[in-house]
């Protein structure tokens, strides 16, 4: 059951990287709330800062500035000991299962490892560890006969189930899903997405679902956040975004979704112009050089997201009139 109090509050989050050419603004002043039990989809082109934002929220990468509140606790101000305690409640599922799986460990050893590290369960308590591992394997649809299998012996779908099981074994409340199905075949993607939705209902999980596949995020997310060159350009309910996108970049993204009907003529919105650099970006809208509706007002000052309709935030000076 959802409540109005956000589980996660991200305020003015920034993550910059020093490069030889200047400061790269990977995530630049992103703010949003996420309610318990809901899913926020994060979409945008490759390199827009989606994955970096997810890792900064978990402090797998230290934020440059900003605040992340998890159930009222300031994650960005936690000590190492306090952050370790939060790890039980905040987990991540990687795009590549091998990013979180040791190829020298069996399936059961991989799933049990967080219990040994986080809960300090004794490795000698084999029965207790195996029991918990089997419970999670059953939950994520891994057959008991795979207990002693190694990752290289399994297909991509089963390896991703191991990654999901490893994230779930500590019974978290919030999971960053970093493109968890993009490396899988379409038929396997559907199985994994259905699994994640079933597990979300059973455990009351809250997801930050990062993807570049708009057809997936449409059906999987309650709300969608669109990013462009490190900034949030639009955020609202999933159905509303697809029915009435207000930012020109969002409109172009949605126009590129393939329609599985040869009789339907697609009306693609081509994006022309030079891509702005995320290194020391200019003042104003970063999409202005590619936007067909840009005016001089778009480049004079920073364009921040504003609430055009209840719950619908758009970072565009002409939002509502286009």
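Here, each number is a calculation from the coordinates, and none is a lab measurement. Fair warning: this is a prediction, and the values are worked out from it, not measured in the lab. Note that we place each Cβ from the backbone using ideal geometry, even for glycine, and neighbour counts take in every protein chain shown.
Just a few scattered comments:
- Legend: ranking of residues 136, 116 from fewest to most surrounding C-beta atoms inside 10 Å; resulting order 116, 136.
- Rg ratio (alpha-carbon, reference 2.2 N^0.38 Å) - the range 265-322: 1.25
- From least to most packed, judged by other beta carbons within 10 angstrom and beginning with the fewest, 249, 228 follow the order 228, 249.
- Its residue count N fixes a reference of 2.2 N^0.38 Å for the range 51-131, and the Cα radius of gyration divided by that reference is 1.29.
- Volume per residue of the convex hull around the Cα atoms, evaluated for the range 61-198, comes out as 125 Å³.
- Value of relative contact order over the chain, rounded to a whole percent, pairs C-alpha under 8 Å and six or more apart: 20
- Using a cutoff of 8 angstrom between alpha carbon atoms and counting only pairs six or more residues apart, the relative contact order for the range 105-168 works out to 46 percent.
- Going from the fewest other Cβ atoms within 10 Å to the most, the residues 261, 74, 178, 96 appear in the order 261, 74, 96, 178.
- 0 to 90° range, to nearest 10: angle between helix 156-168 axis and the chain longest Cα axis: 80
- Computed label-point distance, nm, for sites residue 293 and residue 102 using a 7 Å Cα→Cβ extension: 5.4
- Cα convex hull volume per residue for the chain (Å³): 156
- Alpha-carbon centroid distance for the pair the range 191-261 / the range 83-154, whole angstrom: 29
- Taken along its principal axes, the alpha carbon cloud of the range 79-119 reaches lengths of 31, 23, 14 Å, longest axis first.
- Size descriptor, Kirkwood hydrodynamic radius, that averages inverse alpha-carbon separations across the range 105-168, Å: 11.5
- Cα long-axis angle, helix 126-139 against the chain (0 to 90 degrees, to the nearest 10): 40
- Length added when fully stretched, residue 261-residue 148, from 0.36 nm per residue minus Cα-Cα: 36.1 nm
- Convex hull volume per residue, computed on the Cα atoms of the range 1-93, equals 113 Å³.
- Computed log₁₀ I(q)/I(0) - Debye formula, equal Cα scatterers, no solvent, the range 137-268, q 0.12, 0.15, 0.23 Å⁻¹: -0.57, -0.83, -1.44
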